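The values are calculated or read from the model by the stated rules, or taken from the named source; none is laboratory data. Nothing here was measured: the structure is a model prediction, and the numbers come from that model. Here the Cβ positions follow ideal geometry from the backbone for every residue, glycine too, while neighbour counts run over all protein chains shown.
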Amino acid sequence: MDRYRRRRMQNTMVIGLSIGATVLGLGWLVLILGSLVYHGFGGLSPAVFLEMTPPPGADGGLLNPIIGSLMLTILAVAIGTPVGILAGTYMAEYGKFAKLTVVVRFINDILLSAPSIVVGLFVYEVLVAPIGHFSGWAGGVALSLIVIPVVLRTTEDMLSLVPKELRESASALGLPRVHVIRYVSYRAARAGIITGVLLAIARISGETAPLLFTALNNQFFSSNLNAPISSLPVVIFQFALSPYADWQKLAWIGALIITFAVLALSITARALSASEKSS
Amino acid sequence: MVDVALPSGDTAIASSVSRTRVLARLHVSDVVFRYLTLTAAILVLVILSGIIVALAQGALPALRAFGFNFLIEERWNPVTEKFGALAPIYGTVVTSFIAMLIAVPLGLLIALFLTELCPMWLRRPIGIAIELLAGIPSIIYGIWGLFVLAPFLQRTLQPTLIDWFENVPILSALFAGPPYGIGVLTASLILAIMVLPFVTSISRDVFEAVPPVLKEAAYGVGCTTWEVVRYVVLPFARVGVIGGVMLGLGRALGETMAVTFVIGNAHKVSASILAPGTTISATIANEFTEAVGDLYTSSLIALGLILFVITFVVLAAARYLLLRIEKRVG
């Protein structure tokens, strides 16, 4: 009887602990989102989206970093998405059983979680140091190196889910491979591939480390990709660590904007892939 | 009849010519597309080797100047141009270790809750909420850690720890010093929160891969939930869980922004985990744009190379373990 009681107690304890751990994990999410809203929401106003970053002590907004971030994101997606999709296509369609595919998959998985600051260093060595100045192009390329692994992974996974009977029947009609891929595989996997792109955008919109020494920062409005360009994450980094209260306030507002943009993107991506699965 | 036959003969010839032409064009586009995709795939390999080569090249002056001592020298002095990587390496390893110490048990317990205890309708929402933690950008963790968590720890946990262990021999050194708020412990806690979703979601996936028959058999002979987990689920899922833990570790080692905010940036190896320290990534993020002199820059790039090599090894091991379990399940 004693033994029975001990086993039951042990069990209750572990169950209690695991419920406690779950509450703690969810509590953290609530805490972080809560303090973002608490510190940032009060400062949200049209001025945030319409005015430049101010010098300390003056009023201002986040217009130039928001525009800069959008430009860098578009550039990164424009470079990274085609490469990711094409490479994923090779792995799922042409080279399904090739040795190269296994190697690329392995390397890609490592790039997927490689430290992003190392990517920044690499781009600095290749695109900043030889040219002699920081630039928006370098920032976009650095971010695109983070887009590629995400898009490649989802593209390969999604194309592999397309039933091979579909491809075989298209081939039986005499369609060349390129048409089979374009008109059958891509169409069947479209929602999944778009999900991958959305996830990649969510991933890079908060990335700071690769931008620190590629795109650098810019106090003024600039849409010139050949010069240093401002971006939201870098501005948050700079403003949050500054001693000025109004800069810190703007940092919180920026953090709130990024977080909700990222959460909206990843929830959309999730909903998209869920609706695809059920249909 | 002839009038009609001739033109039709012409079109037959014409259409067969255009047919060959179309076929040839299709063939060309097929080949072009194939090589395009092949190039893109090879580009991924080029990127990785490019990273290694560029870092190694950039690190060369520092490695040549300091040699092996670079790894074991604590001094980091931009003025006299003497650089050693010991403090950042130590900080990286210690913060990641403490983070895993916290995140792994928590992650396993949450995975246990999600797979064994949680009512069906709650599983998806809770799982998604935990995964959203992984989606929050690291700079957000940084700003939250600096303005919310660090002051909180400074007022509550840190003084308590210092009081408790004041007279305990070894622990007093571990928890020594004034409560700064920022420091190694705060950075570790932030890392633990960031790594938690990775450990949780992979553990949940491998727990779910345990054949129900095994669990049902164990419940059938009267095991409690804990005993089923302890003697059936965990042994079955062990390799996968280790893979997930290594994946999380890879993340923790390379994490930059969140740590940069709260670590304190002191190039010092301290016994106390309440003291400020630094990590490889925080050092690079803080000093790279301000580094003057080739040797300084090169030393920072050498740090990046060390970081990349460490994470490469950890991540490769993680992928290998996860591949093994995928093969077994599939």
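Side notes on the structure shown:
- Pairs, first acidic (Asp, Glu) in region B:11-33, second modelled with pLDDT of 85 or more, C-beta under 7 Å, six or more apart: B:ASP30/A:PRO176; B:ASP30/A:ARG177; B:ASP30/A:VAL178
- Residue within region B:91-102 that is within 14 Å of chain A (Cβ to nearest Cβ), surrounded by 23 or more Cβ atoms within 10 Å (Cβ to Cβ) and farther than 30 Å from B:ILE72 by Cβ present: no
- Test: A:GLY139 is modelled with pLDDT under 90 and either over 16 Å from the mean Cα position of the chain (by Cα) or more than 10 Å from every other protein chain (Cβ to nearest Cβ) (or both): no
- As a summary of the residue check, A:ARG182 satisfies the conditions (1) among the basic types (Lys, Arg); (2) within 20 Å of the chain's Cα centre (by Cα); (3) within 13 Å of another protein chain (Cβ to nearest Cβ) except for the one numbered (2).
- The set of residues in region A:151-170 being more than 12 Å from chain B (Cβ to nearest Cβ) and in a helix (DSSP H, G or I) consists of A:THR154, A:ASP157, A:MET158, A:SER160, A:LEU161, A:LYS164, A:GLU165, A:LEU166, A:ARG167, A:GLU168, A:SER169, A:ALA170.
- Where helices (runs of 4 or more DSSP H) fall entirely within region A:178-254, those with at least 2 residues that are of a type in the set (Val, Ile, Thr) and more than 30 Å from A:ARG167 (Cβ to Cβ) are at A:232-240.
- Residue that is farthest from the chain's Cα centre (by Cα) [pool: residues in region A:32-57 that are surrounded by fewer than 16 Cβ atoms within 10 Å (Cβ to Cβ) and at the interface with chain B (Cβ under 10 Å from one of its Cβ atoms)]: A:TYR38
- Criterion violated by B:LEU315 - all others in (1) more than 23 Å from B:LEU86 (Cβ to Cβ); (2) without any contact (Cβ under 8 Å) to a residue 40 or more places away in the chain; (3) surrounded by 24 or more Cβ atoms within 10 Å (Cβ to Cβ) satisfied: (2)
- Odd one out for B:LEU247, checked against (1) more than 9 Å from chain A (Cβ to nearest Cβ); (2) in a helix (DSSP H, G or I); (3) not acidic (Asp, Glu): (1)
- In region B:250-284, of all residues being of a type in the set (A, V, I, L, M, F, W, C), more than 12 Å from every other protein chain (Cβ to nearest Cβ) and farther than 12 Å from B:PRO88 by Cα, the one that is surrounded by the most Cβ atoms within 10 Å (Cβ to Cβ) corresponds to B:LEU274.
- All of B:GLN154, B:GLN158 fail the test of being touching a Pro at 6+ places or on another chain (Cβ under 6 Å) and free of Cβ contacts under 8 Å to residues at least 60 places away in the same chain, apart from B:GLN154.
- A:ALA269 being within 19 Å of the chain's Cα centre (by Cα), small (Gly, Ala, Ser), within 12 Å of chain B (Cβ to nearest Cβ) and not in a helix (DSSP H, G or I): no
- Test: B:LEU86 is more than 8 Å from every other protein chain (Cβ to nearest Cβ), farther than 28 Å from A:GLY20 by Cα and either crowded, with 22+ Cβ neighbours inside 10 Å or among the aliphatic types (A, V, I, L, M) (or both): yes
- Enumeration of residues in region A:227-246 that are within 12 Å of chain B (Cβ to nearest Cβ), closer than 15 Å to A:ALA58 by Cβ and aromatic (Phe, Trp, Tyr): A:PHE239
- Lone qualifier among A:ILE253, A:ILE236, A:ILE267 - being under 17 Å from A:PHE49 (Cα atoms) and without any contact (Cβ under 8 Å) to a residue 60 or more places away in the chain: A:ILE236
- Flag if A:THR12 is at the interface with chain B (Cβ under 10 Å from one of its Cβ atoms), at pLDDT 90 or above, crowded, with 21+ Cβ neighbours inside 10 Å and in a helix (DSSP H, G or I): no
- Within region A:58-74, the residues that satisfy the criterion of being in a loop (DSSP other than H, G, I, E, B) and not hydrophobic (A, V, I, L, M, F, W, C) are A:ASP59, A:GLY60, A:GLY61.
- Look at region B:47-71: where a residue is in contact (Cβ under 8 Å) with a residue 12 or more places away in the chain and a partner is surrounded by fewer than 15 Cβ atoms within 10 Å (Cβ to Cβ), sitting 6+ places away or on another chain with Cβ atoms under 7 Å, you get B:PRO61/B:ASP294.
- Within the set B:SER281, B:SER299, the sole residue that is part of a helix (DSSP H, G or I), touching a strand residue (DSSP E or B) at 6+ places or on another chain (Cβ under 6 Å) and modelled with pLDDT of 90 or more turns out to be B:SER299.
- B:VAL239 falls short of the stated requirement of being modelled with pLDDT of 90 or more and β-branched (Val, Ile, Thr).
- Whichever residue in region A:80-115 is more than 7 Å from chain B (Cβ to nearest Cβ) and either at pLDDT 95 or above or surrounded by 21 or more Cβ atoms within 10 Å (Cβ to Cβ) (or both) and, among such residues, is farthest from the chain's Cα centre (by Cα): A:GLU93
- B:GLU166 passes every criterion in (1) outside any helix (DSSP H, G or I); (2) touching a residue at least 24 places away in the same chain (Cβ under 8 Å); (3) in contact with a Ser or Thr (Cβ under 7 Å, 6 or more places away or on another chain) apart from (2).
- Among the candidates B:GLY264, B:GLY240, residue that is in a loop (DSSP other than H, G, I, E, B), closer than 30 Å to B:GLY304 by Cα and touching a residue at least 60 places away in the same chain (Cβ under 8 Å): B:GLY264
- Odd one out for B:ILE139, checked against (1) within 12 Å of another protein chain (Cβ to nearest Cβ); (2) surrounded by fewer than 23 Cβ atoms within 10 Å (Cβ to Cβ): (2)
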